[in-house]
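**Q** Here's a structure for you.
The values are calculated or read from the model by the stated rules, or taken from the named source; none is laboratory data. For clarity, every value in this text was computed on a predicted model and none was experimentally measured. Neighbour counts are summed over all protein chains in view; Cβ atoms, including those assigned to glycine, are modelled from backbone coordinates with ideal geometry.
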Amino acid sequence: MRKLLLILLCIMFCSCARHEDLRQELDKVFTETGYTGKIRHNNFTRYVDYYLPSDIGEETADRLSSVLIYNRSRIIMDVNISGIINDRYYEDLPRAEEGFFDDSRLFYTKEGTYKDYEGNDKEYIFRIYEYDEDYLLHFLTKDLIFYAYGEEKDLIPVTSRIYLIARGAEVRSSAVLADFSTIDVIDYHKKQVNLFETIMPVNGSINDFMLENEEPETED
């Protein structure tokens, strides 16, 4: 019994140390990545032009969203319509929708600023949520939203590529403001959730990854 306890404690300490190392590596993505000039775009949509690294593929795309593939990880890039409209009338970066994420699974958080395509300072909020052996990433700016999920080994490369794409993207906010009303924004949020449900793996759903499971009701 004592030997089993020692083994369990060793596993726990090793896991904590590994996670701490991973968090430090994630910090380096944001602290050691400089922005020295404009990045040449190789993807063009109605609202955003952006650079896609050569090791990332594009699975699907429309005028608002792109589903990207890195190894076995999927990345969703959405034009943040509500954020652009909010920025037009307010100053604060909106937070993730309350209740949309299970905060008890929060593994990593980072907030800061970076230089965008035009050299302007732009705020970001980055969160990683842990779900057993999978991780959900959420990167938010005033004009773009990224979601990704994948295994632990892909966290660093996926995070660095999301950060690179975000920093080099050129979003045409004026076109978004001209095309969308507040009613359109509500419909857009529904579309965003539907898109995530569509690309989730067969052994998961949006409820499994993003919402806290509710206990089923029992009959008396």
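So that you can scan it fast, the table gives a plain yes or no per residue for (1) closer than 21 Å to Thr45 by Cα; (2) surrounded by fewer than 18 Cβ atoms within 10 Å (Cβ to Cβ):
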position	(1), (2)
Phe107	no, no
Asp116	yes, no
Asp121	no, yes
Arg127	no, no
Glu133	no, yes
Lys142	yes, no
Ile145	yes, no
Gly150	no, no
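**Q** Of all the strands (runs of 3 or more DSSP E) wholly in region 83-172, which have at least 3 residues that are farther than 18 Å from Ser65 by Cα and modelled with pLDDT of 90 or more?
**A** 106-115, 121-131
**Q** Counting only residues that are among the β-branched types (Val, Ile, Thr) and not in a strand (DSSP E or B), which one in region 53-82 is farthest from Pro157 (Cα to Cα)? It would help to see each step written out before you state the result.
**A** Residues of region 53-82 that are among the β-branched types (Val, Ile, Thr), as a first pass: 56, 60, 67, 69, 75-76, 79, 81.
Adding the requirement that they be not in a strand (DSSP E or B) leaves 56, 81.
Values: Ile56: 11, Ile81: 27 Å.
Taking the candidates together, the pick is Ile81.
**Q** Check whether at least one residue in region 15-23 is modelled with pLDDT of 90 or more, part of a helix (DSSP H, G or I), surrounded by fewer than 11 Cβ atoms within 10 Å (Cβ to Cβ) and out of contact with any Phe, Trp or Tyr (no Cβ under 7 Å at 6 or more places or on another chain), and report yes or no.
**A** Looking through region 15-23, none of the residues is modelled with pLDDT of 90 or more, part of a helix (DSSP H, G or I), surrounded by fewer than 11 Cβ atoms within 10 Å (Cβ to Cβ) and out of contact with any Phe, Trp or Tyr (no Cβ under 7 Å at 6 or more places or on another chain).
**Q** Conditions first: (1) at pLDDT below 85; (2) within 25 Å of Gln24 (Cα to Cα). Arg63 passes all but one, so which condition is the exception?
**A** With respect to (1) at pLDDT below 85; (2) within 25 Å of Gln24 (Cα to Cα), Arg63 is out only on (2).
**Q** So which of Lys115, Lys122, Lys153 ends up being farther than 18 Å from Glu58 by Cβ and touching a residue at least 60 places away in the same chain (Cβ under 8 Å)?
**A** Lys115
**Q** Out of (1) under 16 Å from Tyr117 (Cα atoms); (2) touching a helix residue (DSSP H, G or I) at 6+ places or on another chain (Cβ under 8 Å); (3) surrounded by fewer than 19 Cβ atoms within 10 Å (Cβ to Cβ), what's the single condition that is false for Arg172?
**A** All conditions are met except number (2).
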